[in-house]
Structures are given as C-alpha cells and as structure tokens.
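Reading through the structure tokens given below for one structure.
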Amino acid sequence: MTMPDTIETAAKHIREGRLVAFPTETVYGLGANALDPFAVARIFELKERPTFDPLIVHIADTAGLETLALNPDARVYRLAERFWPGPLTIVLPKRDTVPDLVTAGLPTVGLRIPAHDIALELIRASRCPIAAPSANPFGRISPTTAGHVQKHLPGVDCVLDGGKTTVGIESTIIDLTERGFRILRHGVVTKEEIESILPWDPGDGENAPFAPGMLQSHYSPGKKMWIAHDAAFPYIHKEKAGLISFSGALEAGYKRVIRVSESRDPREYAVHLFDAMHALEDDNAIELIVAEPVPETGIGRAIMDRLRKATFHWQKDLG
Ligand code: TXA
Ligand code: MG
C-alpha cells in the first residue's frame, strides 16, 4: 500500500468515528475526530484515561485556531509564527464548537500544529481537527515508535507507521488564557525561547502551573526506576539494573547500558529517553532502571520532569 492510500484509509476511520494512532514529531498520538464526542469518548476508554484529563487538539493550519479558539490575540500569532508547525501546545479560551469531553469541561482548549507530514496529511484528509493524547495506556511510557503503540494498545483500529519520532518527548504546553503566559509542561521548546518571543510580560511565570492530568506520577515503566544520585541510589544492585546513560561517566557495573547521547546534548536525551525506557522495560534480564540526571536548564527541565514522574512511584520505597 502506498502512503497516500494508508492515510486515506486512516482518514476514513477518523471520519467514521474510529481511532487512529499516528506519528507526530514528539510522540505517537491516539487520534479521533475532535468534533465528535462519541469518537473522543473511545480515546478515554481505550487509554483508560480519567475524563478530568483534557486532550490536545491537532490542527493543520492557523485557520483552525479561529474556529476552535475565542479571539486569539497577538501573542498566539507570534508564537505560532515561530514554533508552528512544532512541539508547542497553546492553551486558549475555547469556542463552543469544541465538545466539553475534549477539554474535560474546561473553558479552554490546547491546540497545536504538529511538525510531521503524516500527521498533517491525516488532519487534512480527515477534514476535521484531531483530538489526540499520547498513544499509551494512562500513566505509562509514551510511544515513540509504531511498535510501542502496538505493544500497549493492541485494540486501536489503525496505526500509521512513520518510524521513530524525531523529538521524542511531548510538546511544551503554554497557557495564554490570562495575562502573560504560564508554562504547564516543559518540552524542547524552552522557557528561554518563549521569553525571547514574549519578553515584555512574563505574567505569573511558572508560579502556579495548573494542568489537570499533570500528575506527579506519569510515563512509568512497568519496573522500578530511579534517578542516579537520588537518596536510594547507593543501595541499587547495578548487576540487575539497566542504565540510561547521558555522560558516559556512570556506566561501570551495570547489566546493560543505553547511551542516549553521543555528544552530551539534552536534545538527544529527549529523542531517545522513552525509547530507552521501553527497551529496558521489555528486557527480561533487567530488574530495575536507572537514569542519569541532567542540569535543569533549557531542555534539561523537560528531561528532569519526565524522569521525576517516571520514578515517582518508587520514591515511597526509600524507607
Ligand atoms: O506532544 C504532545 O503534546 C503529544 C502529541 C500526540 O501531540 N500529546 C500529548 O497528549 O502529550 P497528552 O494527552 O498525553 O498530554 C496532554 C496534556 C494533558 O495531560 C493535559 O494536562 C494538558 O495536555 N492539557 C490539554 N488541554 C488542556 C487545557 N485546556 N488546559 C490545561 N491543560 C491541558
Ligand atoms: Mg500522555
């Protein structure tokens, strides 16, 4: 089957209210027609996702902005011009066209234009905006390949395979519903880059981030996971552990090492992080997973956010 046929088939699924997993530049999404509450309900069902957790709506161009958001202002267009298509989700007051189930009853909607040809072609061929969370069961590791989607969500109607995603972690989420801006989730579009576009009014900054569904635990592998150098770290049996290595400095003694960067570039860490977590989760010789921390600036904030959420379950075992 050629690619356009595949997309046409997937678009038919979307138009008829079924679900399609598709690649974006960040992670694979589990998509449904965002304007069809029955289709959207199937996303929550298949993911076992609580309905208090709103979905991001994916659009193909800024025309979608006007039909879904209420009076987007200059800040939105400045960000869109710089970062769209790309890994930035903008939360704005919503229009009534967006079903309440999509936004978990919130008066706002998160919108993004993904930087991926398959995603954009799917949205255009479906002729509707596509609501899509990451295509993983609730709380588990986000998928960066079609194989990851099939492993955890075998029930999905259709999976478009675009190979491994190029960004590797979920989009940065920025809330513009009030004055200034608030970053609700860190990603590869950094606070520093956003401040260079919206420099005149940082608003409340990160002081009171609120995104329903932003739980302390998330992205968890089905095995114990720690951040190297955490309090419990000295007691870890390295001979049973897999290391997600960034600098190369901690690799001695581990059963298995996955190096996520050749050049100590946090962007590469982002690209390979979830992939490494999936590989160690699937490796029967590995009992626990250790990840190397990075400095918390720029993209490092997004990496550390994902590591803390993935290891949160096990913090309570510290004793
Ligand atoms: O990169 C991404 O953003 C990927 C790809 C598929 O686009 N999607 C993704 O979706 O990560 P998901 O559902 O796993 O995470 C989206 C998060 C939700 O947990 C929710 O907290 C936040 O976005 N969100 C969505 N709409 C929101 C809104 N109106 N207000 C506040 N937060 C919102
Ligand atoms: Mg997710």
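The values are calculated or read from the model by the stated rules, or taken from the named source; none is laboratory data. Just so it is clear, the model here is predicted, and its values are computed rather than measured. Methodologically, a virtual Cβ is constructed for each residue, glycine included, from the backbone with ideal geometry; neighbour enumeration extends over all protein chains shown.
Tallying residues that are at pLDDT 95 or above and either in contact with a strand residue (DSSP E or B) (Cβ under 6 Å, 6 or more places away or on another chain) or farther than 20 Å from Asp283 by Cβ (or both) within the stretch 224-246 yields 5. Taking Pro54, is it within 21 Å of the chain's Cα centre (by Cα), in a loop (DSSP other than H, G, I, E, B), on the phi < 0 side of the Ramachandran plot and of a type outside the set (S, T, N, Q)? When the stated conditions are applied, Pro54 passes them. If you go through the stretch 58-116 and keep only what is more than 9 Å from ligand 1 (Cβ to nearest atom) and touching a Gly at 6+ places or on another chain (Cβ under 6 Å), you end up with just Ala115. Looking at Asp275, Asp265, which one is within 19 Å of Arg306 (Cβ to Cβ), buried (at least 19 other Cβ atoms within 10 Å of the Cβ) and among the acidic types (Asp, Glu)? On inspection, the qualifying residue turns out to be Asp275.
Just to be sure before I move on: is Leu122 within 17 Å of Ala10 (Cα to Cα), within 18 Å of the chain's Cα centre (by Cα), more than 10 Å from ligand 1 (Cβ to nearest atom) and at pLDDT 95 or above in the structure I sent? No; evaluated as a whole, the condition is false for this residue. For beta carbons closer than 6 Å, sequence separation of 6+ or different chains, a first residue in the stretch 132-156 that is closer than 17 Å to Pro221 by Cβ and a second that is more than 15 Å from ligand 2 (Cβ to nearest atom), the qualifying pairs are Thr144/Lys164; Thr144/Asp275; Thr145/Lys164; Val149/Val159. Restricting the stretch 277-317 to residues that are small (Gly, Ala, Ser) and touching a helix residue (DSSP H, G or I) at 6+ places or on another chain (Cβ under 9 Å), the residue that is modelled with the lowest pLDDT is Ala310.
Out of the residues in the stretch 70-106 meeting the condition of being of a type in the set (A, V, I, L, M) and outside any loop (DSSP other than H, G, I, E, B), tell me which one is farthest from Cys128 (Cα to Cα). The selected residue is Ala74.
Scan the stretch 156-165 and give yes if some residue there is more than 22 Å from His13 (Cα to Cα), within 12 Å of ligand 1 (Cβ to nearest atom), modelled with pLDDT of 95 or more and assigned to a loop (DSSP other than H, G, I, E, B), otherwise no. Yes - at least one qualifying residue is present in the stretch 156-165.
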